[in-house]
Number of protein chains: 2
Amino acid sequence: MRYDLYYWPMIQGRGEFIRLALEEAGADYVDVARQGKRGMTAMQRLLDGKGGARPPFAPPFLKAGRLVIAQTAEILFYLGQRLNLAPRDEAGRLWAHQLQLTISDFVVEIHDTHHPISAELYFEEQRPEARRRAELFWRHRVPNFLGYFERVLQGNGGRFMVGRRVNYVDLSLFQTVEGLRYAFPRRMKRFEKKVPSLIALCERVAKRPRIKAYLASDRRIAFNQWGIFRYYEELDR
Amino acid sequence: MRYDLYYWPMIQGRGEFIRLALEEAGADYVDVARQGKRGMTAMQRLLDGKGGARPPFAPPFLKAGRLVIAQTAEILFYLGQRLNLAPRDEAGRLWAHQLQLTISDFVVEIHDTHHPISAELYFEEQRPEARRRAELFWRHRVPNFLGYFERVLQGNGGRFMVGRRVNYVDLSLFQTVEGLRYAFPRRMKRFEKKVPSLIALCERVAKRPRIKAYLASDRRIAFNQWGIFRYYEELDR
């Protein structure tokens with residue numbers, strides 16, 4: 001099966017969680033909107049509802065045969081079974097999905113540290129609010145979320161988040177930790193010692209042969225100031 | 001099968017999306033934390049990770065036999081199949097779930113209109129920020145989200161969001177519209193004419209016999225100032 005991934009071509013964003021899964025599995029896929037102007041036109045067409053009666057609300061979305069599915073966590077739920085990146089039993093698949101949905105919640109909060117008022121405004125139009133939100137985010141939310149993932153990981157033996165082999169939740173946590181390191185290098189450096197198992201997991205993910213090759217390739221877009229994770233010195237005291 | 005729902009006992013919150021599905025189906029369920037102090041203790045125990053190796057991050061969560069599952073949209077995905085509130089084919093189930101996940105995204109944004117800086121602070125500590133966020137939320141996000149659901153509904157014939165019978169997405173949109181009416185009565189009144197099919201759907205949901213009986217019962221907690229949807233006159237110009 002060839003998969004067509006549709007996502008904004010200039011950023012990692014939410015699409016990156018899907019790209020990492022496709023890359024780890026060595027899947028046959030096309031990153032459509034990165035194939036030039038025609039790719040962007042094709043994506044816009046589907047967003048405009050011209051691809052059928054089940055239009056996605058926003059990228060990323062995946063075309064798999066006749067199926068078009070959106071929402072990052074749902075795409076991973078779908079791919080997890082097919083790419084052998086999730087447990088096979090129903091309880092295990094639901095558990096992996098539940099963790100991924102919790103990562104999605106965390107990602108919204110990470111984004112909103114630099115855009116607490118509106119994604120329609122520039123960062124420069126909401127700087128004092130961003131400083132306040134980032135401060136409270138690091139005081140309360142990072143310990144809550146990363147502390148939770150650390151406990152779950154330790155409860156599962158420390159090597160994988162779910163089951164006994166690599167899965168899409170491991171890959172997504174790697175991406176989340178990398179993003180936090182980009183956006184908040186000083187705060188994250190101080191925090192990492194509190195979640196040692198999680199950090200060790202992310203380091204193992206980075207060394208997996210296909211992930212390592214992907215990260216070194218030009219398919220991996222660099223972190224930048226248009227994505228979810230953005231670096232502003234004033235938010236990283 | 002008896003279902004045990006765990007959610008905060010004083011608010012509708014995210015638990016209400018689950019309650020509506022259980023009620024519409026006439027399911028056998030217990031709203032555990034509303035059964036007095038022992039219920040709250042049982043919920044806290046599971047949150048503390050004392051219920052096994054797969055602890056929920058936050059309420060709501062559902063116990064179904066030995067399975068404990070969290071995340072509102074995932075609980076509905078699970079129940080949808082069992083309570084006949086979702087299509088039976090895989091593509092239809094994924095489509096309903098995708099719509100529900102988009103509702104979840106919208107619900108976060110609704111909540112954040114009154115808590116744009118942090119849920120750890122009181123509303124009174126973030127009033128100017130809330131006014132700014134609410135203004136932009138109504139200018140951009142409500143038209144985006146509700147306009148999308150209106151188009152999807154019309155594209156499906158106008159009677160149901162998914163398939164040809166009532167489903168959990170219909171129920172969740174009813175709850176979302178009711179919540180917006182409580183929190184923003186003036187703004188919502190002006191807006192409703194832009195989404196006539198959606199409003200008609202919500203009115204049909206309210207008249208369904210089991211939903212109607214539920215809404216009139218003391219099992220339905222009233223909207224109040226501790227939930228997702230809160231009324232502040234200054235946010236509803």
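Determine if segment B:191-208 includes at least one residue that is over 30 Å from B:ASP89 (Cα atoms) and exposed (fewer than 13 other Cβ atoms within 10 Å of the Cβ).
Yes, some residue in segment B:191-208 is over 30 Å from B:ASP89 (Cα atoms) and exposed (fewer than 13 other Cβ atoms within 10 Å of the Cβ).
Just to verify a result, which residue in segment A:146-176, among those that are within 10 Å of chain B (Cβ to nearest Cβ) and under 22 Å from A:ILE75 (Cα atoms), is surrounded by the fewest Cβ atoms within 10 Å (Cβ to Cβ)?
For segment A:146-176, the residue satisfying everything is A:PHE149.
Of all residues in segment B:131-145 being of a type in the set (Phe, Trp, Tyr) and within 9 Å of chain A (Cβ to nearest Cβ), which is nearest to A:HIS115 (Cα to Cα)?
It comes out as B:PHE137.
Can you name the residue in segment B:108-130 that is assigned to a loop (DSSP other than H, G, I, E, B) and of a type outside the set (Ser, Thr, Tyr) and, of all such residues, is farthest from the other protein chains (Cβ to nearest Cβ)?
Result: B:HIS115.
So for segment B:169-176 (the condition being touching a residue at least 40 places away in the same chain (Cβ under 8 Å), under 30 Å from A:LEU136 (Cα atoms) and hydrophobic (A, V, I, L, M, F, W, C)), does at least one residue qualify?
no
Kindly check whether there is at least one residue in segment A:106-125 that is buried (at least 18 other Cβ atoms within 10 Å of the Cβ), free of Cβ contacts under 8 Å to residues at least 40 places away in the same chain and in contact with a Ser or Thr (Cβ under 8 Å, 6 or more places away or on another chain).
For segment A:106-125, residues buried (at least 18 other Cβ atoms within 10 Å of the Cβ), free of Cβ contacts under 8 Å to residues at least 40 places away in the same chain and in contact with a Ser or Thr (Cβ under 8 Å, 6 or more places away or on another chain): absent.
Is it the case that some residue within segment A:93-108 is in contact with a strand residue (DSSP E or B) (Cβ under 7 Å, 6 or more places away or on another chain) and over 26 Å from B:VAL108 (Cα atoms)?
No, segment A:93-108 contains no residue that is in contact with a strand residue (DSSP E or B) (Cβ under 7 Å, 6 or more places away or on another chain) and over 26 Å from B:VAL108 (Cα atoms).
What number goes with the only condition from (1) out of contact with any Ser or Thr (no Cβ under 6 Å at 6 or more places or on another chain); (2) more than 30 Å from A:GLY52 (Cα to Cα); (3) not β-branched (Val, Ile, Thr) that B:ARG133 does not pass?
Of the numbered conditions (1) out of contact with any Ser or Thr (no Cβ under 6 Å at 6 or more places or on another chain); (2) more than 30 Å from A:GLY52 (Cα to Cα); (3) not β-branched (Val, Ile, Thr), the odd one out for B:ARG133 is (1).
Which of the residues belonging to segment A:45-95 are out of contact with any helix residue (DSSP H, G or I) (no Cβ under 9 Å at 6 or more places or on another chain), more than 12 Å from every other protein chain (Cβ to nearest Cβ) and surrounded by fewer than 19 Cβ atoms within 10 Å (Cβ to Cβ)?
A:ARG45, A:ASN84 - these are the residues of segment A:45-95 that are out of contact with any helix residue (DSSP H, G or I) (no Cβ under 9 Å at 6 or more places or on another chain), more than 12 Å from every other protein chain (Cβ to nearest Cβ) and surrounded by fewer than 19 Cβ atoms within 10 Å (Cβ to Cβ).
Go through A:VAL152, A:VAL142, A:VAL107 for me and flag whichever is among the β-branched types (Val, Ile, Thr) and either in contact with a Phe, Trp or Tyr (Cβ under 6 Å, 6 or more places away or on another chain) or under 21 Å from B:PHE137 (Cβ atoms) (or both).
Exactly one of A:VAL152, A:VAL142, A:VAL107 is among the β-branched types (Val, Ile, Thr) and either in contact with a Phe, Trp or Tyr (Cβ under 6 Å, 6 or more places away or on another chain) or under 21 Å from B:PHE137 (Cβ atoms) (or both), namely A:VAL107.
For B:LEU146, work out the one condition from (1) part of a helix (DSSP H, G or I); (2) within 17 Å of B:GLY227 (Cβ to Cβ) it doesn't fulfil.
(2)
Which one of B:GLY52, B:GLY65, B:GLY36 is more than 27 Å from A:GLN154 (Cβ to Cβ) and either outside the structural domain of B:LEU215 (by TED's automatic domain parsing) or out of contact with any strand residue (DSSP E or B) (no Cβ under 9 Å at 6 or more places or on another chain) (or both)?
B:GLY36
Being at pLDDT 95 or above and assigned to a helix (DSSP H, G or I) is the requirement here; does B:ARG133 meet it?
Criteria met by B:ARG133.
Identify, please: which residue in segment B:80-105 is touching a residue at least 60 places away in the same chain (Cβ under 8 Å) and among the aliphatic types (A, V, I, L, M) and is, among those, nearest to B:LEU146 (Cα to Cα)?
Among residues in segment B:80-105 that are touching a residue at least 60 places away in the same chain (Cβ under 8 Å) and among the aliphatic types (A, V, I, L, M), the one nearest to B:LEU146 (Cα to Cα) is B:ILE103.
Which condition breaks for B:LEU94 when tested against (1) out of contact with any His (no Cβ under 8 Å at 6 or more places or on another chain); (2) under 27 Å from B:ARG210 (Cβ atoms); (3) assigned by TED's automatic domain parsing to the domain that holds B:GLU16?
(3)
Condition check: over 23 Å from B:HIS97 (Cβ atoms), outside any strand (DSSP E or B) and over 18 Å from the mean Cα position of the chain (by Cα). Does B:MET40 satisfy that?
Against the criterion (over 23 Å from B:HIS97 (Cβ atoms), outside any strand (DSSP E or B) and over 18 Å from the mean Cα position of the chain (by Cα)), B:MET40 qualifies.
Checking A:LEU99 against (1) in a helix (DSSP H, G or I); (2) more than 25 Å from B:LEU79 (Cα to Cα); (3) touching a Ser or Thr at 6+ places or on another chain (Cβ under 9 Å), only one condition comes out false. Which one?
For A:LEU99, the failing item is (2).
Taking the conditions exactly as written (surrounded by fewer than 24 Cβ atoms within 10 Å (Cβ to Cβ), of a type in the set (Val, Ile, Thr) and outside any strand (DSSP E or B)), does A:ILE11 satisfy them or not?
Taking the combined requirement at face value, the residue satisfies it.
The values are calculated or read from the model by the stated rules, or taken from the named source; none is laboratory data. Values in this document were obtained by computation on a predicted structure and should not be read as measured data. Cβ coordinates were reconstructed from backbone atoms using ideal geometry, including for glycine residues, and neighbour counts include every protein chain displayed.
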